[in-house]
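The structure appears right after this line, and notes come after that.
The values are calculated or read from the model by the stated rules, or taken from the named source; none is laboratory data. Only a predicted model underlies this, so the values are computations on that prediction, with no experimental measurement involved. Backbone-built Cβ (ideal geometry, glycine too); neighbour counts: all protein chains shown.
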């Protein structure tokens, strides 16, 4: 069977590449520290020598729109183009071509359906920055095939935190059951507290620093019970209108299992708290 | 009211450099064109006949009025990115990085601490 070698969950700040590659005299003061932290985080993936990346993100109205909006979607293609015009324009992210793994995508799709997750699928999926940002940060050589999974954290009604955790558990089971000798890493991105297009956007900190610190602590200790007790769709809304990206962190904790993280780092940036977690597997999914 | 159709406007224009340019330069003409020939399109052969703007929605789009759009429940991400696409560069040249984004936040300050209008469609 395939082996899950690492689970990574992080924020995906779309300005990382631009902020750390612009001429030094124009860079923000935190740029060198940010780069150092990201490069150190990259090592937590590299040392596990993965063959395939299962990548969890959320389309930001790039390919998916309100005329046809799945809660969960899996990509099933030989390859994936990435980065839309408006992301190049706004964030300076270049275009990429990612290789796919249709065989593993197909296996996971069926396995997740069998576990009662009614996934939509796409044979022509163009990837956006929720999956390209982690390629830039943790695998910039872009040399591994990916199985992309999208969640809806954006267009209500949204699934509950518990459903996201359960989906993470189901993804873990699908990876563990994949009949292959490949080494698989699961990489997901989301947000801590975040406001976009509202009165609390682009402040000196994220809109709810208390939530950010609490969330980091919950993830550090793998405390899913505390998360499910304290975090609801309504509470996330109060922490910032785009805080529902935290659902992907909950999902990733489901992939890892309710375990303490092996690597935790964070960085207070000008309007978000960046956070980086890695778990190495200690248990087989139930 | 069609929150969906307002979002469709923001979505289709933000993702197309030519539409965005026309919307930035002459919003009144472009909004009219969009309603006639862009908004109804489902694909090159099919059109939809079921959506239209209210006068208030049309006016908010013509005026680049992101405060009114926020208050009508336009999706926060679409409402932000399209106007960053139009205003970020000129604001940055005049007042530095994030000047537009901070003004956007200031104009919505009266919503701090309140439940925002729902973006559900």
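Please verify whether residue B:10 is within 12 Å of another protein chain (Cβ to nearest Cβ), within 22 Å of residue B:119 (Cα to Cα) and assigned to a helix (DSSP H, G or I), treating the condition exactly as stated.
Judged against the criteria, residue B:10 is a match.
Among the candidates A:18, A:35, A:47, which residue alone is touching a residue at least 60 places away in the same chain (Cβ under 8 Å) and more than 16 Å from the chain's Cα centre (by Cα)?
A:18
Is there a residue in the stretch A:78-96 that is more than 14 Å from chain B (Cβ to nearest Cβ), in contact with a strand residue (DSSP E or B) (Cβ under 6 Å, 6 or more places away or on another chain), surrounded by fewer than 23 Cβ atoms within 10 Å (Cβ to Cβ) and part of a loop (DSSP other than H, G, I, E, B)?
Yes.
State which residue pairs qualify: first residue on the phi > 0 side of the Ramachandran plot and inside the stretch A:87-103, second residue modelled with pLDDT under 95 and assigned to a loop (DSSP other than H, G, I, E, B) in any location, beta carbons under 9 Å apart, and separation of 6 or more residues or different chains.
A:92/A:14; A:92/A:15; A:92/A:22
Being closer than 30 Å to residue B:111 by Cα and surrounded by fewer than 19 Cβ atoms within 10 Å (Cβ to Cβ) is true for just one of A:205, A:151, A:221. Which residue is that?
Sole residue among the options that is closer than 30 Å to residue B:111 by Cα and surrounded by fewer than 19 Cβ atoms within 10 Å (Cβ to Cβ): A:205.
Looking only at residues that are surrounded by 14 or more Cβ atoms within 10 Å (Cβ to Cβ) and facing chain A (nearest Cβ under 7 Å) in the stretch B:105-121, which one is nearest to residue A:65 (Cα to Cα)?
Looking at the filtered set, the residue picked out is B:121.
Given the condition under 16 Å from the mean Cα position of the chain (by Cα), at pLDDT 95 or above and facing another protein chain (nearest Cβ under 10 Å), answer yes or no: does some residue in the stretch B:85-95 qualify?
yes
Of the residues A:259, A:204, A:195, which is over 30 Å from residue A:49 (Cβ atoms), out of contact with any helix residue (DSSP H, G or I) (no Cβ under 7 Å at 6 or more places or on another chain) and modelled with pLDDT of 95 or more?
Selected residue: A:195, the only one of A:259, A:204, A:195 that is over 30 Å from residue A:49 (Cβ atoms), out of contact with any helix residue (DSSP H, G or I) (no Cβ under 7 Å at 6 or more places or on another chain) and modelled with pLDDT of 95 or more.
If I filter the stretch A:64-77 down to residues being touching a helix residue (DSSP H, G or I) at 6+ places or on another chain (Cβ under 7 Å) and within 13 Å of residue A:123 (Cα to Cα), which single residue comes out as surrounded by the fewest Cβ atoms within 10 Å (Cβ to Cβ)?
The extreme case among them is A:77.
Which of the residues belonging to the stretch A:122-149 are part of a loop (DSSP other than H, G, I, E, B), closer than 22 Å to residue A:245 by Cβ and touching a helix residue (DSSP H, G or I) at 6+ places or on another chain (Cβ under 8 Å)?
Listed by number, the residues that qualify are A:128, A:139.
Considering (1) within 14 Å of another protein chain (Cβ to nearest Cβ); (2) at pLDDT 95 or above; (3) surrounded by 20 or more Cβ atoms within 10 Å (Cβ to Cβ); (4) touching a helix residue (DSSP H, G or I) at 6+ places or on another chain (Cβ under 8 Å), say which one residue A:233 fails and leave the rest.
Among (1) within 14 Å of another protein chain (Cβ to nearest Cβ); (2) at pLDDT 95 or above; (3) surrounded by 20 or more Cβ atoms within 10 Å (Cβ to Cβ); (4) touching a helix residue (DSSP H, G or I) at 6+ places or on another chain (Cβ under 8 Å), the lone unmet condition for residue A:233 is (3).
Residues are listed down the side, and each one gets a yes or a no for (1) touching a helix residue (DSSP H, G or I) at 6+ places or on another chain (Cβ under 9 Å); (2) within 24 Å of residue A:41 (Cα to Cα):
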position: A:213; (1), (2): no, yes
position: A:218; (1), (2): yes, yes
position: A:226; (1), (2): yes, no
position: A:246; (1), (2): yes, yes
position: A:265; (1), (2): yes, yes
position: A:270; (1), (2): no, yes
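Looking at residue A:245, is it within 14 Å of another protein chain (Cβ to nearest Cβ) and within 18 Å of the chain's Cα centre (by Cα)?
Answer is yes for this residue.
May I ask you to list the residues in the stretch B:46-103 that are in a loop (DSSP other than H, G, I, E, B), touching a residue at least 12 places away in the same chain (Cβ under 8 Å) and surrounded by 15 or more Cβ atoms within 10 Å (Cβ to Cβ)?
B:53, B:64, B:72, B:73, B:74, B:75
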